[in-house]
Amino acid sequence: MATTTAEIGVIGGSGFYSFLDDLDEVTVETPYGPPSDPIAVGTVAGRRVAFVPRHGRDHRYPPHKIPYRANLWALRSLGVRQVIAPSAVGSLTPAHGIGTLAVPDQLVDRTHGRIQTYYDEGAAIHVSFADPYCPTGRRTAVATARETGWDPVDGGTLVVIEGPRFSTRAESQWYAAQGWTLVGMTGHPEAVLARELALCYTPMCLVTDLDAGIEEGEGVTMEEVFRVFAQNVDRLRTLVVRLIETLPADRSCPCPRTLDGMKLPIELP
């Protein structure tokens, strides 16, 4: 088992490697196989941070094949207790244009076939997930974004689809009709697995496109998503660094108490 080497974890794209100082790569074995890549551990703003590229550094894992359980388990085994999760998303409303930063407060799962629990045998463990994100992390992320001049959308619902294909226009229009505001492919089961490990999980969603039912053009393309994300990755990385600096070390939120009173069938790292 790896020794404690970090307190904050970042799950994001390969563009985030450069924000770590004194970088070391740590190979972590988990009961769920290897994580997406060796974990990069370094120092940011005086704090120890562990980074895992969600899709692998060569983007080899499509959304439905990402080793979510291994990624979160590996971070916790390194001592991580707070997770920041930047990602690219589509907008389901014209009010959130391309380049918008959103910090949603709700999630809808429209995936299928993804393993979304650590507790699938030995005991029935039911974690609270009414509010899927850390309230302190969300509050801090919104305030930090405002301080850096990036006025974020505070709240909203992220619907997570199976992928790897993008939505049809009818699907997109249906999601929007429910009042959901963002659509992505990786926010679940990432968030619930973090909750099952009693971790704080804070999403930071960058709008890279208007979903197919919102615009008249050819629909969402992979090229467009990558291009917009690349244009904003420096700004997003700067914001993540600032958030790492400002996240309170004392976790007074409900997240650490998620598993209180439960007899777990497995031993957590």
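Within region 104-124, is even one residue open to solvent by 80 Å² or more (accessible area, probe 1.4 Å), without any contact (Cβ under 8 Å) to a residue 24 or more places away in the chain, out of contact with any Ser or Thr (no Cβ under 9 Å at 6 or more places or on another chain) and not in a loop (DSSP other than H, G, I, E, B)?
no
Looking at (1) within 27 Å of V108 (Cβ to Cβ); (2) surrounded by 19 or more Cβ atoms within 10 Å (Cβ to Cβ); (3) in contact with a strand residue (DSSP E or B) (Cβ under 8 Å, 6 or more places away or on another chain); (4) of a type in the set (A, V, I, L, M), which one does I244 not meet, given that it meets all the others?
(1)
Can you name every residue in region 141-168 that is open to solvent by 20 Å² or more (accessible area, probe 1.4 Å) and either under 23 Å from I8 (Cα atoms) or among the charged types (D, E, K, R) (or both)?
A143, R146, E147, T148, D151, D154, E162, R165
Looking at region 48-73, I want the residues that are open to solvent by 30 Å² or more (accessible area, probe 1.4 Å) and have a partner that is in a strand (DSSP E or B) with Cβ atoms under 6 Å, at least 6 apart or on another chain. Which pairs are those?
Listed pairs, sorted by first residue: none to list.
The values are calculated or read from the model by the stated rules, or taken from the named source; none is laboratory data. The model shown is predicted, which means the values in this text are computed figures rather than measured ones. All Cβ positions, glycine included, derive from the backbone under ideal geometry; neighbour counts span all protein chains shown. What goes into the accessible areas is simple: the full protein's heavy atoms, side chains included, and nothing from ligands, DNA or RNA. Shrake-Rupley method; radii C 1.70, N 1.55, O 1.52, S 1.80 Å.
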